[in-house]
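Here is the structure we will look at.
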């Protein structure tokens with residue numbers, strides 16, 4: 001009797017783990033962070049179609065990041081804590097640069113022809129950005145440490161990556177849609193410039209809770 005019930009218990013526990021992982025993936029992906037704020041700004045400045053490579057780059061790039069983190073980078077950070085401090089500094093500097101680019105994205109043209117200077121992120125740029133995104137690091141490290149199973153590390157790591165890949169992309173894409181809807185409000189140069197400065201300030205603000213957290217606290 002016990003032998004017959006064991007597989008069912010294993011399946012139920014696996015389902016519970018997947019549901020918990022999916023909930024964590026959704027909450028962490030949908031809440032404000034550098035990726036979401038940049039996508040909202042991209043949607044408002046460039047529209048949905050031109051922001052698609054940015055969205056895909058985040059989804060694919062973060063999924064790949066989880067796999068690489070699970071295969072060994074966590075051990076590197078634990079063995080050499082200064083490496084994580086260096087990552088934090090590089091992330092802060094790069095996010096500051098991106099915040100400035102967003103803040104100055106509104107074109108100096110006439111109010112009747114609102115557009116944005118610069119270009120939206122490419123697929124490669126968005127994927128590469130995950131490696132200097134503090135929130136992405138926090139999400140990846142937490143997901144790997146909390147949801148991989150010691151008895152089956154590789155299989156469970158692939159499960160974590162697949163679930164995040166399925167949940168993350170549609171979640172972050174909602175922020176691009178929100179940005180495109182805001183285009184109806186941002187109908188003149190002053191409003192668009194103000195919106196971009198607010199997004200830039202919020203982008204900088206996302207650094208604080210993560211930069212003050214160590215590897216063990218993630």
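Summary of values
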| quantity | calculated |
| --- | --- |
| Gain in span if fully extended, residue 166 to residue 94, counting 0.36 nm per residue against the direct Cα distance | 23.2 nm |
| Per-residue Cβ neighbour rank within 10 angstrom, fewest leading, 193, 184 | 184, 193 |
| Fewest-first ranking of 65, 55, using other Cβ atoms within 10 Å as the exposure measure | 65, 55 |
| Fully extended contour minus Cα-Cα distance, from residue 23 to residue 86, at 0.36 nm per residue | 19.6 nm |
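Every number here is computed from the coordinates shown, using simple stated rules; none is lab data. Owing to the predicted nature of the structure, the values given are computational and were not obtained by experimental measurement. All Cβ positions, even for glycine, are placed from backbone atoms using ideal geometry, and neighbour counts span all protein chains on display.
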